[in-house]
1. For residue B:77, which of the numbered conditions (1) away from chain A (no Cβ under 14 Å); (2) over 11 Å from residue B:19 (Cα atoms) fails to hold?
2. Tally time: how many residues in region A:37-88 are over 11 Å from the mean Cα position of the chain (by Cα), surrounded by 13 or more Cβ atoms within 10 Å (Cβ to Cβ), without any contact (Cβ under 8 Å) to a residue 40 or more places away in the chain and within 23 Å of residue B:23 (Cβ to Cβ)?
3. Identify, by number, the condition in (1) within 24 Å of residue B:56 (Cβ to Cβ); (2) within 12 Å of chain B (Cβ to nearest Cβ); (3) surrounded by fewer than 21 Cβ atoms within 10 Å (Cβ to Cβ) that residue A:26 doesn't meet.
4. Let me confirm something: among B:60, B:15, B:39, which residue is under 29 Å from residue A:8 (Cβ atoms) and either touching a residue at least 40 places away in the same chain (Cβ under 8 Å) or surrounded by fewer than 17 Cβ atoms within 10 Å (Cβ to Cβ) (or both)?
5. Given the condition away from chain B (no Cβ under 14 Å), modelled with pLDDT under 95 and either more than 13 Å from the chain's Cα centre (by Cα) or on the phi < 0 side of the Ramachandran plot (or both), answer yes or no: does some residue in region A:94-112 qualify?
6. If residue B:67 meets every condition in (1) within 14 Å of another protein chain (Cβ to nearest Cβ); (2) modelled with pLDDT of 95 or more apart from one, which number is that one?
7. Please determine whether any residue of region A:105-112 is exposed (fewer than 14 other Cβ atoms within 10 Å of the Cβ) and free of Cβ contacts under 8 Å to residues at least 24 places away in the same chain.
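The values are calculated or read from the model by the stated rules, or taken from the named source; none is laboratory data. Bear in mind the structure is a predicted one, so any value in this text is a computation, not a measurement. Neighbour counts are summed over all protein chains in view; Cβ atoms, including those assigned to glycine, are modelled from backbone coordinates with ideal geometry.
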């Protein structure tokens, strides 16, 4: 079945450091891929998404590229801010799984001033 | 739009009591999802509805859990009787349609504590 694996956290960075959070997936067909972010005390919200191979999703300085050859969708940001501290979830939705979204375990990011 | 609305935001109850969580999806959204989030198990899909009809309830942990969607603007998740292991944050989410790139919009969650 479909699954998502993302790097364990927590990840602790200093402000303005480069961020990478790794995400790989297993799926049949051609799933859509997502990154969601959860700030303390809130629900998840969409950060970015990509719907086909080689697509790049981007938002708020974050980027991720859909790599079908490596089944990956790594999240990157060139310069993190304290306000980026949150939990980040990689997720996929594919037609073979109905319209269920499969979420990874989440990676907690701490950014120090 | 006000977004997905959940109530209550916090619920503390004693073991054996009935608990009802409520959700109002975004107007016009055809899909509604109930999730449970815990430190140990992460984010789990419990059940989802399309046009008020339950489509997949394979994530509902046991018969103590039930969910209904009597109309397009309201859904409930009920636990009867509740147990301490049900303590978690419960999220409701909605999405516009059935495309496989659909974004889900999450509510703020209900933090349930069962003593």
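1. Of (1) away from chain A (no Cβ under 14 Å); (2) over 11 Å from residue B:19 (Cα atoms), only one is false for residue B:77: (2).
2. The qualifying residues number 3.
3. (2)
4. Of the residues listed, the single one that is under 29 Å from residue A:8 (Cβ atoms) and either touching a residue at least 40 places away in the same chain (Cβ under 8 Å) or surrounded by fewer than 17 Cβ atoms within 10 Å (Cβ to Cβ) (or both) is B:39.
5. Narrowing region A:94-112 to residues away from chain B (no Cβ under 14 Å): A:109-112.
So of that shortlist, the ones also modelled with pLDDT under 95 come out as none.
No, region A:94-112 has no match at all.
6. (1)
7. Looking through region A:105-112, none of the residues is exposed (fewer than 14 other Cβ atoms within 10 Å of the Cβ) and free of Cβ contacts under 8 Å to residues at least 24 places away in the same chain.
Residue-wise test of (1) under 17 Å from residue A:38 (Cα atoms); (2) at pLDDT below 95; (3) at the interface with another protein chain (Cβ under 10 Å from one of its Cβ atoms).
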{"site": "A:52", "(1), (2), (3)": "no, yes, yes"}
{"site": "A:56", "(1), (2), (3)": "no, no, no"}
{"site": "A:62", "(1), (2), (3)": "yes, no, no"}
{"site": "A:69", "(1), (2), (3)": "no, yes, no"}
{"site": "A:72", "(1), (2), (3)": "no, no, no"}
{"site": "A:76", "(1), (2), (3)": "yes, no, no"}
{"site": "A:80", "(1), (2), (3)": "yes, no, no"}
{"site": "A:85", "(1), (2), (3)": "yes, no, no"}
{"site": "A:88", "(1), (2), (3)": "yes, no, no"}
